[in-house]
1. With a cut-off of at least 2 residues that are modelled with pLDDT under 90, name the helices (runs of 4 or more DSSP H) lying wholly within the stretch 61-178.
2. Just give me the residues in the stretch 467-477 being more than 13 Å from Ala455 (Cβ to Cβ) and either among the aromatic types (Phe, Trp, Tyr) or surrounded by fewer than 18 Cβ atoms within 10 Å (Cβ to Cβ) (or both), in sequence order.
3. So which helices (runs of 4 or more DSSP H) are wholly in the stretch 505-612 and hold at least 2 residues that are aromatic (Phe, Trp, Tyr)?
4. For the stretch 267-288, which positions are within 11 Å of Cys206 (Cα to Cα) and either surrounded by fewer than 24 Cβ atoms within 10 Å (Cβ to Cβ) or of a type in the set (Val, Ile, Thr) (or both)?
5. Considering every residue within the stretch 60-69, establish whether at least one is free of Cβ contacts under 8 Å to residues at least 24 places away in the same chain, farther than 30 Å from His270 by Cα and surrounded by 15 or more Cβ atoms within 10 Å (Cβ to Cβ).
6. Just name the residue that is surrounded by the fewest Cβ atoms within 10 Å (Cβ to Cβ) out of those in the stretch 189-216 that are without any contact (Cβ under 8 Å) to a residue 24 or more places away in the chain and part of a loop (DSSP other than H, G, I, E, B).
7. Tell me which residues, restricted to the stretch 269-302, are under 17 Å from Leu666 (Cβ atoms) and hydroxyl-bearing (Ser, Thr, Tyr).
8. Would you check if there is a residue in the stretch 648-656 being in a loop (DSSP other than H, G, I, E, B), touching a Gly at 6+ places or on another chain (Cβ under 7 Å) and not assigned by TED's automatic domain parsing to the domain that holds Gly241?
Amino acid sequence: MVKDLSTLTAFIDGDAYTFNEGDTLLNFIDRHRGRGHVPTLCDAPQLDPYGACRVCSVEVALQADGPRRVVASCHTPLTAGMHVFTESQKVRKLRKNIVELVLTDHPLDCLTCEVSGNCELQTVAAKVGIRKVRYPAGANHLDRKKDLSHAYMTSELSKCINCARCVRACDEIQGQHVLSMHGRGFNAKIIKGLDQSFADSECVSCGACSQACPTSAISDVFFSKSIEATKKTRTICTYCGVGCNLNVATKGDQVLSIQAPVDAEVNHAHTCLKGRFAFKFYNHKDRLRTPLIKQPDGQFKEATWQEAYDHIFTNLTRIKANHGGQSVAGISSARCTNEENYLMQKFIRNVMGTNNIDCCARVCHSPTAWGMQKSFGTGAATNSYEDIEHTRCVLVIGANPTEGHPVTGARLKQHIMKGTPLIVIDPRKIELVPYAKHHLQLRPGTNVALLNMFARCILDAGLVKTDFIKKRCENWEEFEAGLRALDLAELEKITGVSIDLVRAAAIEYASAEAAMSFHGLGVTEHQQGAKTVMLISNLAMMTGNIGRPGVGVNPLRGQNNVQGAADMGCQPHQGAGYYEMADPQVQQRYADFYGVPTPTEPGWKIPQMFDAAIEGKLKALWLMGEDVVQTDPDAHHVRHAMESLEFLVVQEIFMTETAKYADVILPASSFLEKSGTFTNAERRVQRVNATVKPLPGTKPDGQILCEVLQRFGVAQPDYTPDGVLAEVAQIVPFFKGITWENLGENGLQWPVKEGGVDTQIMHQEQFTRGKGHFHFFSWKESTELETHRGEFPFILTTGRILEHYNCGTMTRRTGNSEIVGQDFLSLNPADAQRKGIRSGDIVRLFSARGEVELEARVTDEVKPGILYTTFHFPDAMVNNVTGQGCDGDTMCPEYKVVAADVELVRAGKPKKKQKDGFAPALV
């Protein structure tokens, strides 16, 4: 027995334990006796208490020998001194009777099934001591038909016990509200949408219902195989920058299924359909399985690894000797681990002797890094996902979280549905718009104009936090003068948004106790992208929304390791740890650390690499995991660059559009076959653990790079994730306290001090740069529109959808293509009528660069004059249309503003189910 009992003490079967304020009886029992000590059916750790099945019933009393009453432990609050009896004869009899009644309307193979783990009801029946059912079955629901209509989701509702765990998962985790309980009494049943099939409903295939269901009444196509697994490995998702934890079930070298860990701090038992289901690409028949060397006739010939390394060594050594190190460049990958990106830039800088190293952060979030460094001193998220629970106002600008960052998007939606006001600044009616209190539907390319209006309205309303500014910021006077000189009426015309709407949203943001902003590529992929990021930073500083819970500026990273690739030095102007390569002291620091001279000549960014290749200055390029021919703008220009190179090396898992131009292809491993770390959008460094061995003939990118470094004479140890991470920690200051061991299962958020002390919230006492710096910028029209708008009257903007990721190299080789199998073009009904276009028609989309054919969707998600499409499918090659315009500070491409036109090619018929966004198609 426990002595010196505190006030927060209660008893379980006579033994005293302390408890936490707000505990339910079940929380208390699970913590001290282990989960499962008290059986449950309707309860799940990721869901709110429900109290429907009563299987978790216990007896409680205020005194040990006092009168007892039976309660459901899952939702009954605990009070000090309470006595809980978990195994009394009364509750054991009650539980057994409840489970027997449930089994009368359930397939009775639960009692005889030899395959354990597929049905929680089987486990509960065994625990309460049921060997047979005394009650006659009578009327039941065992004839309900299976639903096998969906690529991933299935249902067999004859197994349903009406616990509503699936309904609650759909509501509480995803916030999609697809599932509901219909009918009363004996006729009650689970329905999807308006009693539809999974395929016809608005299900987003997150799988939360499948993971929650205790009887497999709702399941997925992989779950039945998961019970055969002999091992489960925890790793990190390879798709967006949320950084979801995954539990991967395997048997031998076969991945059977993926579930979401309940204790994951990032995703809390939740994933999107990509993380949970889109993994079958890992052993797809199209995987590259041997090195390939291009022959004089243009055909690829299989080679050994040694032959490939020798060929690379010979050609790169020759090119460097004849043309200098500046004639060689590398493009690293935000899909690869921190360790692999670090080794890539190490090879380019230390062996090739050039700063010509870049990564895909250039084409997505380089304006974020640049802009936030200028404002705050650090180009990364100021806060954590956890802060969503503490914010009192959410600003989403130029991002579509529910499609591009689905788990964070669902978390935002849950918080907003509870009453937190949402402001959306976006040219489209994204899925979050119906939940928004304010939607500022601006013209693409006018972010700077609108944010200047927004800031001016805060100033005029007297909501500026002057004390915060005086204490922690600088250059306010210049910014204030710029705001006061604005012509608001003119900006209203430019943006297409009423000043009254802007004022209401601005006051909402500035008046909130804590306001948190999220931005994405709709901010960065513009000619004034970095300037927009600095203006968002201005908003946070002028309202004091920095350095505390529930506030800050938080970029939503598009790829799983965009943050990490930049952290590791895969950019020409900054090395590992964001040290400026032009600084002589930094050059000496790197030279001392690596023992070789550091390159001093400025490096080329990706667009400059392409131009240099066409001009004959860049002779050789090494690409790791990037399909630039499909994903970079003005694809004709990129193809010309690839054709102009003398030597191209590509590390890939598939024969991509870019790999077709390679002289050497090195077959790499997928994320499921490698170990290392990814850094997510909240600066969380997490362990990636190999779940299966690499496919025969392939190697992890880290191992390839170590072997290449060794082939070039560098004393590089063989690849181990902990070994390379230890090297990184010596040169990257904010990784100083990170070790492979102390990352644990949930990782650490950098900067990490020695001893593993990490940082959830940045800039709490002062900014990294000292004082936060205000900037003022006037709006400027996009050069693209100034040059081409007369000939091409529409503005095309591009983005992603939930089902596919970037160029679709991975997702197109999974069941996701059964859900969405092509790119669509969205246009407003007024434009469609004027052009004689209907949903389902094939249209020609064209610009000054080229043309593509797409299926049209007529929808009011876009305003008149605006077009929208995605770029996931190589048969469409949408980037044939996009241009070479870019952010003036970072050369991030201006994907979001393209002067274009559209015309009917031939009439068509819309497919049964189409999707390229939230709004429905209008025929």
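The values are calculated or read from the model by the stated rules, or taken from the named source; none is laboratory data. Treat the numbers as computed from the prediction; the structure is a model and nothing was measured. All Cβ positions, glycine included, derive from the backbone under ideal geometry; neighbour counts span all protein chains shown.
1. Details: elements: 89-103, 120-127, 165-169.
The helices (runs of 4 or more DSSP H) meeting that bar are 89-103, 120-127.
2. Of the residues in the stretch 467-477, the ones more than 13 Å from Ala455 (Cβ to Cβ) are 467-468, 470-475, 477.
If the condition is that a residue be more than 13 Å from Ala455 (Cβ to Cβ) and either among the aromatic types (Phe, Trp, Tyr) or surrounded by fewer than 18 Cβ atoms within 10 Å (Cβ to Cβ) (or both), then Asp467, Phe468, Lys470, Lys471, Glu474, Asn475, Glu477 are the ones that fit.
3. On the way: elements: 521-524, 529-542, 562-567, 584-594.
It comes to 584-594.
4. Those that are within 11 Å of Cys206 (Cα to Cα) and either surrounded by fewer than 24 Cβ atoms within 10 Å (Cβ to Cβ) or of a type in the set (Val, Ile, Thr) (or both): Ala269, Thr271.
5. So the first thing to find is which residues in the stretch 60-69 are free of Cβ contacts under 8 Å to residues at least 24 places away in the same chain, and the list is 62-63, 65-69.
Remaining after also requiring farther than 30 Å from His270 by Cα: 62-63, 65-69.
Next, from what is left, pick out any that are surrounded by 15 or more Cβ atoms within 10 Å (Cβ to Cβ): 68.
Yes, that holds for at least one residue.
6. Leu194
7. Once the filter is applied, which keeps residues that are under 17 Å from Leu666 (Cβ atoms) and hydroxyl-bearing (Ser, Thr, Tyr), the stretch 269-302 yields only Thr290.
8. First, the residues of the stretch 648-656 that are in a loop (DSSP other than H, G, I, E, B): 653-656.
Next, from what is left, pick out any that are touching a Gly at 6+ places or on another chain (Cβ under 7 Å): none.
Looking for residues that are in a loop (DSSP other than H, G, I, E, B), touching a Gly at 6+ places or on another chain (Cβ under 7 Å) and not assigned by TED's automatic domain parsing to the domain that holds Gly241, one finds none in the stretch 648-656, hence no.
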